[in-house]
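Undergrad: Input: one structure, supplied below.
Only the coordinates and a few stated rules stand behind these numbers; no lab work does. Model, not experiment: these values are computed from the prediction. Cβ sites come from the backbone with ideal geometry, for glycine too, and all protein chains shown count toward neighbours.
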Amino acid sequence: MKTLLPFLLIALSFISSHAQQPAQKLRVLVLTDIENEPDDAQSMVRFLTYSNQWDVEGLIATTSVHQPNRVAPEKIKQIVTAYGKVRTNLLLHEKGYPETAYLLSVIKPSIPKYGMEAVGPGNDSEGSEWIISVVDKKDNRPVWIPVWGGANCLAQALWKVRQTRMPDEVDQFVAKLRVYTISDQDDSGPWLRKTFPNLFYIASPGRHAGGAYHYATWSGISGDNFHGRFRGGDFSIVDNPWLDEHIRKNHGPLGAEHPFTKFLMEGDTPSFLGLINNGLSDPEHPNYGSWGGRYEFYTPRTRKWFYEPETRPFWSDAEDEVMGADSAWHTSNKATIWRWRKAYQNDFAARIDWSVKPYKEANHPPIAKLGHANELRAKSGEKVMLSADGSTDPDGNALTYDWIYYREPGSFESNRILEVQDKQKMNAFIVAPKVDKPETLHVILAVTDTGTPALTRYQRVIVTVFP
């Protein structure tokens, strides 16, 4: 499905963007059923290494289908305390890492009940009340809520708001929320989508309760396409030996909090990978694609999801066609994540390095720049010049370039035949294809340094092609 019609891009096409401009910090509030299995703790470790990029508004312990009667805020506190031991060193590499005392102050428990049993009269909790207070702040920025377990704490907050406020006030409250749930891990997700039809909601619920996770987009963070029948992304860099070497062992107290993987590594991490300011993602446009995957806004008809038939449109599974580590082409929703696996794993390894190494002994990401606007216009048959002029590296490392035609986010229906010429040079070009109406093409500039580990940053160029 192609969304975001070209007229919006045409209106913006005159805007110049010669550099990666510092983005306004996003407000982020996490719900986690931490302690249900190791992956929540793993994701919390990675999350904290990026916490300087966001205004972290809350870390709320919740239940889920896997942990229906317990919440574990003490585990969050344990990991945040480890973060506190390395925060000073992290600040040698980038500014903005939040005070440990502040992070400890925003850890809240939700009510230890399962699903919709925790929604309704008498079910307010520190967590649900905290959500309301965060959204009510006099701050126009939306609040991004990655949901790693069940969503009933958010459901209780919205239930109370609906019970106590006028309809227009409820609408204003809902309009400030951006929700990404790692599948439906309780029955409150369908209730939220049905009850609040305008709620921004990303989910890959899966097909049925027994096997939902084999189908979910987020499993592409570290898993195979289906039951290990074939591998798309490189599994070696998400397996325990790699994690032991690059994250856990001899990488300080925060790395040591990354537990041994029992199932999938960091199944919850995709919920915030798309919020990282790396030049690739545009969080308000999940269909653009990011380290956290790509999603399309559509109505799933009456397909049976995790708990009940869905009819309300929301952001869910999209597919990319990608050349895998096995040198075969794969088309799947999980490929929208694993296509970036080397980049996001190297990035995590570098940030764990920051927690223990001085600046000169660590690697830092390059700065990807364009020598032109991020939005370009062309007519069919015209040569569209692409330039990474001005890209630099803070450590003085050499840079490599890769211009990637990202077919799926654009409106132009094509196959892989559309090639970027000189795609591994600083300056490249495409020839605008023949179109019958204005169409959009997405080209991604990936700039990678030659440090250890090699780090990548991006710029996205959207070309509107006219007949």
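Undergrad: Residues of segment 245-289 with the amide nitrogen closer than 14 Å to a label point 7 Å from the Cα of residue 404, along Cα-to-Cβ, please.
TA: Answer for segment 245-289: 274, 278-282, 288-289.
Undergrad: Just to confirm my numbers, what's the Cα centroid distance between segment 107-166 and segment 385-456 in Å?
TA: 41 Å
Undergrad: Tell me the angle of helix 38-49 to the major Cα principal axis of the chain, expressed in degrees between 0 and 90 and rounded to the nearest ten.
TA: Long axis of 38-49 versus the principal axis of the chain: about 60 degrees.
Undergrad: May I ask you to derive the relative contact order of segment 367-466, considering only C-alpha pairs under 8 Å and at least 6 residues apart, and to give it as an integer percent?
TA: 37 percent
Undergrad: Work out the length of the dipole vector of the chain about its Cα centre, built from +1 on the beta-carbon of each Lys and Arg and -1 on the beta-carbon of each Asp and Glu, and round it to the nearest 20 debye.
TA: Taking the Cα centre of the chain as origin, the dipole is about 480 debye.
Undergrad: Let me ask something else. In a shell of Cβ-Cβ distance under 10 Å around residue 186, excluding residue 186 itself, what net charge do Lys and Arg (+1) and Asp and Glu (-1) give?
TA: The answer is -3.
Undergrad: Which order do 395, 136 fall in if you start with the one that has the fewest other Cβ atoms within 10 Å?
TA: Working: 395 16, 136 12.
Fewest-to-most Cβ neighbours within 10 Å comes out as 136, 395.
Undergrad: Kindly work out what percent of the DSSP beta bridges joining two residues of the chain are antiparallel, to the nearest 5.
TA: Taking every DSSP beta bridge within the chain, about 55 percent pair in antiparallel fashion.
Undergrad: Run the numbers for residue 379 and residue 325: contour at 0.36 nm per residue of separation, minus the present Cα-Cα distance, in nm.
TA: Numbers: separation 54, 0.36 × 54 = 19.44 nm, distance 3.60 nm.
Working it through step by step, the gained length comes to 15.8 nm.
Undergrad: For the chain, with the dipole built from +1 on Lys and Arg beta-carbon atoms and -1 on Asp and Glu ones, taken about the Cα centre, which of 275, 175, 455 lies farthest toward the positive end?
TA: Toward the positive end, the furthest listed residue is 175.
Undergrad: Enumerate the calculated ³J(HN,Hα) couplings along segment 143-148 in order (Karplus 6.51 cos²θ - 1.76 cosθ + 1.60, θ = phi - 60°), each rounded to whole Hz, writing x wherever the residue is Gly or Pro.
TA: Values, residue by residue: 10, 8, 10, x, 10, 8 Hz.
Undergrad: Pop the C-beta distance of residue 298 and residue 99 into the FRET formula with R0 = 45 Å and round what comes out to the nearest 0.05. Kindly include the intermediate steps, with their values, before the conclusion.
TA: On the way: r = 42 Å, r/R0 = 0.93.
The computed FRET efficiency comes out at 0.60.
Undergrad: Considering all projection directions equally, how large on average is the shadow of the alpha-carbon convex hull of the chain, in square nanometres? Provide the component values of the computation, followed by the final result.
TA: Numbers: hull surface 84.7 nm².
For the Cα atoms of the chain, the hull's average projected area reads 21.2 nm².
Undergrad: I'd like the antiparallel share, as a percent to the nearest 5, of DSSP beta bridges with both residues in segment 367-466.
TA: Around 85 percent antiparallel, to the nearest 5.
Undergrad: Let me ask you something else. Choose one of 376, 86, 150: the residue whose Cα lies farthest towards the positive end of the charge dipole of the chain (beta-carbon charges +1 Lys, Arg; -1 Asp, Glu; about the Cα centre).
TA: It is 376, whose Cα lies furthest towards the positive end.
Undergrad: Report the net charge of residues surrounding residue 46, where surrounding means a beta-carbon distance below 13 angstrom and charges are Lys +1, Arg +1, Asp -1, Glu -1.
TA: Numbers: positive: 248, 351; negative: 39, 40, 257, 266, 268, 347.
Once all neighbours under 13 Å are counted, the net charge is -4.
Undergrad: Give the residues of segment 375-397 whose amide nitrogen is closer than 16 Å to a point set 7 Å from the Cα of residue 427 in the direction of its Cβ.
TA: Only 383-391 pass the distance filter.
Undergrad: Once you list every other residue whose beta carbon is under 15 Å from the beta carbon of residue 139, what net charge do they have if Lys and Arg are +1 and Asp and Glu are -1?
TA: Taking every other residue near residue 139 into account, the sum is +4.
Undergrad: May I ask you to derive the relative contact order of the chain, considering only C-alpha pairs under 8 Å and at least 6 residues apart, and to give it as an integer percent?
TA: Details: 1103 pairs, mean separation 75.1, N = 467.
Relative contact order of the chain: 16 percent.
Undergrad: Residues of segment 133-153 with the amide nitrogen closer than 20 Å to a label point 7 Å from the Cα of residue 69, along Cα-to-Cβ, please.
TA: 150-153
Undergrad: For residue 195 and residue 418, calculate 0.36 nm times their separation in residues minus their Cα-Cα distance, and state this gained length in nm to one decimal.
TA: The residue 195-residue 418 span can extend by a further 75.9 nm.
Undergrad: Hey, which of these cross-link pairs are over 26 Å Cα-Cα: 95/425; 113/194; 176/437; 95/423; 25/160?
TA: Correct reply: 95/425; 176/437; 95/423; 25/160.
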